[in-house]
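Following: one structure in structure tokens, then a few remarks.
The values are calculated or read from the model by the stated rules, or taken from the named source; none is laboratory data. Predicted model, so just to flag it, every value in this text is computed and none were measured. Cβ: placed from backbone, ideal geometry, glycine included. Neighbour counts: every protein chain shown.
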Amino acid sequence: MNKKRKAFWLKQLHQWHWVTSAICLISLVLFSLTAITLNHASQISAEPVIREHQDTLPTELLFQLADQTGGQLPAAVQQWLARKMDLQHTDGEPEWAADEIYLPMPRPGGDAWLAIDMSDGAILAETTDRGWIAFFNDLHKGRHTGTVWIWFIDIFAIASLLFAFTGLGLMMLHAKRRPATWPVTLAGLVLPWLLIIFFMH
């Protein structure tokens, strides 16, 4: 590779490498820390906080539910639940029955559900909070985090791949002056497979 061409690729790879490292930095720290907490989840104890909520749905909103037999709760009902009971409807799909509507509301770091009695509008709900470590662990896994967070994980993963591949390109360009480059890279490739072969059953 001639000097002019090498200088071009060095400039391009350095540019992409620092841009992707800047994009990935905070997320990479977060995902690395949560990889440790997930790996030791059984050793990290946390006492879940469970809260019960009770209220009564206004008559006009109960009539809206009575006119519906399936699908998501009406927007007005969801807004009332969020405002009055601080219950945000996330991924849950309501289960409709003649006498009751049951709505699971899973969320990162916890869980929630509510039941609406169709005879009188009585609402019984329960929320469970498992703490900040569970919250960040669920962010790591994309568990009950919604579509936007899933997109973010995909974008972060692509940026991380670009960061890795531009680093590989820079290693290739500097390999002649750094003899340990390929033995160390090969060790990073072989070591996980050796651990899998000899220590995993």
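Being touching a Cys at 6+ places or on another chain (Cβ under 8 Å) and within 19 Å of Leu25 (Cβ to Cβ) is a description that does not apply to Ala164. Within the stretch 54-77, not a single residue is under 23 Å from the mean Cα position of the chain (by Cα), in a helix (DSSP H, G or I) and free of Cβ contacts under 8 Å to residues at least 60 places away in the same chain.
Based on what the data block shows, is Ile123 over 30 Å from Lys3 (Cα atoms) and either part of a helix (DSSP H, G or I) or assigned by TED's automatic domain parsing to the domain that holds Leu10 (or both)? Considered against the rule, which asks whether it is over 30 Å from Lys3 (Cα atoms) and either part of a helix (DSSP H, G or I) or assigned by TED's automatic domain parsing to the domain that holds Leu10 (or both), Ile123 comes out as no. Checked against the criterion of being without any contact (Cβ under 8 Å) to a residue 60 or more places away in the chain and within 30 Å of Asn2 (Cβ to Cβ), the stretch 152-162 has at least one qualifying residue. One residue alone among Leu25, Leu13 is in the same structural domain as Gly142 (by TED's automatic domain parsing), more than 18 Å from Gly109 (Cβ to Cβ) and surrounded by fewer than 16 Cβ atoms within 10 Å (Cβ to Cβ), and that residue is Leu25.
Under the condition of being assigned to a loop (DSSP other than H, G, I, E, B), loosely packed, with under 15 Cβ neighbours inside 10 Å and touching a strand residue (DSSP E or B) at 6+ places or on another chain (Cβ under 8 Å), which residue from the stretch 92-105 is modelled with the lowest pLDDT? Step by step, filter the stretch 92-105, then rank; the result is Glu93. Hey, could you check the stretch 108-127 for residues that are under 18 Å from the mean Cα position of the chain (by Cα) and not small (Gly, Ala, Ser) and say which is surrounded by the most Cβ atoms within 10 Å (Cβ to Cβ)? Filtering the stretch 108-127 for residues that are under 18 Å from the mean Cα position of the chain (by Cα) and not small (Gly, Ala, Ser), the one surrounded by the most Cβ atoms within 10 Å (Cβ to Cβ) comes out as Pro108.
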